[in-house]
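One structure below.
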Amino acid sequence: MPVILKTAILLSLSNVFMTFAWYAHLKDMSGKPWLVAALASWGVALFEYLLQVPANRIGYTALTLPQLKIMQEVIALTVFIPFLVLYMQKPLGLNYLWAGCCLMGALYFMFR
């Protein structure tokens with residue numbers, strides 16, 4: 001499997017955990033003390049790091065650090081949109097489209 005594809009898959013899975021660690025407590029634990037939410041988020045974030053660290057180590061063998069960062073940001077937005085709409089049940093605004101276009105431009109310039 002090509003390094004870029006392997007990196008993208010691991011970063012995508014990592015971002016699923018990251019998104020839940022960062023934001024799911026806003027819906028699921030709004031009545032709990034922040035410390036409980038933080039501990040639960042740290043538990044979820046452990047799985048993020050178990051995927052993200054190997055993804056970056058693998059990716060860094062073929063990509064530059066700025067390329068890895070931009071790839072991660074594009075993946076983060078790609079993962080966040082379904083999370084926002086499906087899990088948090090929030091509307092998707094037109095600004096997300098424009099932000100996505102900007103990130104795609106950044107991706108183009110990093111990999112050209």
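The values are calculated or read from the model by the stated rules, or taken from the named source; none is laboratory data. Predicted model only: the values in this text are computed from it and were never measured. As a convention, Cβ positions derive from the backbone with ideal geometry for all residues, glycine included, and neighbour counts pool all protein chains shown.
Scanning the range 69-112 for residues that are touching a helix residue (DSSP H, G or I) at 6+ places or on another chain (Cβ under 9 Å) and assigned to a loop (DSSP other than H, G, I, E, B) yields M88, Q89, K90, P91, L92.
Here is a yes/no grid of residues against (1) in contact with a Leu (Cβ under 9 Å, 6 or more places away or on another chain); (2) over 18 Å from I75 (Cβ atoms); (3) surrounded by 15 or more Cβ atoms within 10 Å (Cβ to Cβ):
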| site | (1), (2), (3) |
| --- | --- |
| K6 | no, no, yes |
| L10 | yes, no, yes |
| P33 | no, yes, no |
| A55 | yes, no, yes |
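Scanning the range 25-45 for residues that are farther than 23 Å from L65 by Cβ and in contact with a helix residue (DSSP H, G or I) (Cβ under 7 Å, 6 or more places away or on another chain) yields H25, M29, A37, A40, S41, V44. Here the condition is being at pLDDT 90 or above, out of contact with any Leu (no Cβ under 8 Å at 6 or more places or on another chain), surrounded by 12 or more Cβ atoms within 10 Å (Cβ to Cβ) and not hydrophobic (A, V, I, L, M, F, W, C); of Y49, Y60, it holds for Y49 alone. Here is a check on your reading of the model: is I81 in contact with a Leu (Cβ under 9 Å, 6 or more places away or on another chain), over 23 Å from Y23 (Cβ atoms) and β-branched (V, I, T)? No, not satisfied.
Taking the stated definitions as given, is A8 under 13 Å from the mean Cα position of the chain (by Cα), small (G, A, S) and closer than 17 Å to M110 by Cα? Considered against the rule, which asks whether it is under 13 Å from the mean Cα position of the chain (by Cα), small (G, A, S) and closer than 17 Å to M110 by Cα, A8 comes out as yes.
Scanning the range 86-104 for any residue that is within 18 Å of S12 (Cβ to Cβ), modelled with pLDDT of 90 or more and either within 18 Å of the chain's Cα centre (by Cα) or among the small types (G, A, S) (or both) turns up at least one such residue.
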